[in-house]
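Derivation of every value follows stated rules applied to the coordinates shown; laboratory data play no part. Everything numeric here is computed off the predicted structure, so don't read it as measured data. Cβ coordinates were reconstructed from backbone atoms using ideal geometry, including for glycine residues, and neighbour counts include every protein chain displayed.
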Amino acid sequence: MSKAEGEERPTIAAKERGPGPSRYCLPQCVGYNGHDTTKLRMPAYSFGQRLESMFKSECSPGPGYFINPRCTRFGKDGTPVYSILGRQKDLSDPTPSPNTYTLPAMLGSKVPNRFASAAYSMAGRGLTGGFADDLAKTPGPGRYNAITPDTYTRRSPAYSMLGRSYLPGDSTIKPGPGAYSPEKVYVNKTSAPKFSMGIRHSEYITPLIVEVRD
């Protein structure tokens, strides 16, 4: 057995990977079972178990037994009882009702046993032979266009509207007042120190050794 094999090496803490804080579960402080032994536990009460009754064969009604008020010690009382039923059809009487018959109409020219006055109807307008038929084929007043007054009178000055013109200028986009943040400038002000979280380095990385030459 060599000396190197029998020598115990020290344990490096970086190699040990233990569980995190959420790995452990503390006992609860609520309830009876699994209660924390270091905390005060209050007494717990439970509902009793339903036992088998020795009077199970007894069939007497309880307090909620409903007694029919129509029943007495002499039997049912003789008061009449009414109910609403649907209307039944009586098929024994074949006589029709008054609304079965339909009387003929008494208005118009088609009543067979009544005197009727003359009946008139409105016909459509005919294309020829009517009172509105233009036999001369002459144009109406709306056929002619109105003459411009400038044709036979002194012509007035005429004006027109042109489009809006802009002066030539710089069309580049410039930032507004809200684009600047003067409160974030600390060149001419005293600022508080700022700290940041560094990077976690491993213990097994070889440090950088640079030879310094005189």
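How much length, in nm to one decimal, is gained on full extension between Phe131 and Ala158, taken as 0.36 nm per residue of separation minus their Cα-Cα distance? Display every interim value, and only then the final one.
On the way: separation 27, 0.36 × 27 = 9.72 nm, distance 4.80 nm.
Separation in residues times 0.36 nm, less the Cα-Cα distance, equals 4.9 nm.
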Problem set entry | Under Karplus coefficients 6.51, -1.76 and 1.60, residue-wise ³J(HN,Hα) of region 84-89 in Hz, glycine/proline x | 9, 10, x, 6, 8, 7
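Which GluC sites (Glu not before Pro) in region 106-214 sit in a loop by DSSP (not H, G, I, E or B) and have at most 15 other Cβ atoms within 10 Å of their own Cβ? Could the numbers behind the result be given before it?
Values: sites: Glu183, Glu203, Glu211; in loops: Glu203, Glu211.
Answer in residue order: Glu203, Glu211.
Using the scaling law 2.2 N^0.38 Å as the reference, what is the normalised Cα Rg of region 63-214?
3.75
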Seminar exercise, completed: Phi angles of region 159-165, converted by Karplus (6.51 cos²θ - 1.76 cosθ + 1.60, θ = phi - 60°) into ³J(HN,Hα) in whole Hz with x for Gly and Pro, give 10, 9, 9, 9, x, 6, 9
